[in-house]
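Remarks on the structure that follows.
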Amino acid sequence: MTALIAKLRRRSSVELATLAAALTMRVCALVLLRVVSFGTLQKWAASAARACSRHATGDTNCDRVVAWAVATAAVVLPVENSCLHDALAAQWLLTACGRPSTIRFGVSRNGVHALRAHAWVESNGGVIVGAANARAVDVLE
């Protein structure tokens, strides 16, 4: 824990604010996915993110900061870790930065009958969150 605090002290105020937002977004995704449909959640989030994006600074490091904040939030929060929660938080934060992004979904077979699913976020022609497992699945179009 002391090492984490030391690492956080070296981060800028923008990075720390983005981390706080990522922690909030992951908790919201965790809770709301259990009580509302995915479509409803996306509509609510898009509205909230558009409202936030009116105040966006257009930071050129937004992709990097969001990727770091989402990855750090996944480690810090003592709750279930899911690629879908990461992807939702990243997309919402990128939208708030004024950056268009897309959540991609993919599946692969594990054994005879088991399916493994993965979600990741793409923006500006690259994978922002979830790149490691994105290559191991077939993309759903």
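Structure values in brief
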{"read-out": "Enumeration of residues in region 64-102 that are closer than 17 Å to residue 124 by Cα and free of Cβ contacts under 8 Å to residues at least 24 places away in the same chain", "value": "64, 100, 102"}
{"read-out": "Meets criteria (touching a strand residue (DSSP E or B) at 6+ places or on another chain (Cβ under 6 Å), open to solvent by 20 Å² or more (accessible area, probe 1.4 Å), under 25 Å from residue 12 (Cβ atoms) and not hydroxyl-bearing (Ser, Thr, Tyr)) for residue 87", "value": "no"}
{"read-out": "Extreme residue, farthest from residue 136 (Cα to Cα), among residues of region 103-117 that are in contact (Cβ under 8 Å) with a residue 12 or more places away in the chain and open to solvent by less than 60 Å² (accessible area, probe 1.4 Å)", "value": "103"}
{"read-out": "Residue count, region 80-138 (criterion: in a strand (DSSP E or B), within 15 Å of residue 38 (Cβ to Cβ) and at pLDDT below 90)", "value": "1"}
{"read-out": "In region 119-135, the residues that are on the phi < 0 side of the Ramachandran plot and under 13 Å from the mean Cα position of the chain (by Cα)", "value": "119, 120, 121, 122, 123, 127, 128, 129, 131"}
{"read-out": "Among (1) open to solvent by less than 20 Å² (accessible area, probe 1.4 Å); (2) touching a strand residue (DSSP E or B) at 6+ places or on another chain (Cβ under 9 Å); (3) within 15 Å of residue 28 (Cβ to Cβ) - the single one residue 94 does not satisfy", "value": "(3)"}
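The values are calculated or read from the model by the stated rules, or taken from the named source; none is laboratory data. None of the values given here were measured: they were computed from a predicted structure. Reconstructed Cβ throughout: ideal geometry from the backbone, glycine too, with neighbour counts over all protein chains shown. Quick note on the areas: whole protein, heavy atoms, side chains included, nothing else; ligands and nucleic acids left out. Shrake-Rupley method; radii C 1.70, N 1.55, O 1.52, S 1.80 Å.
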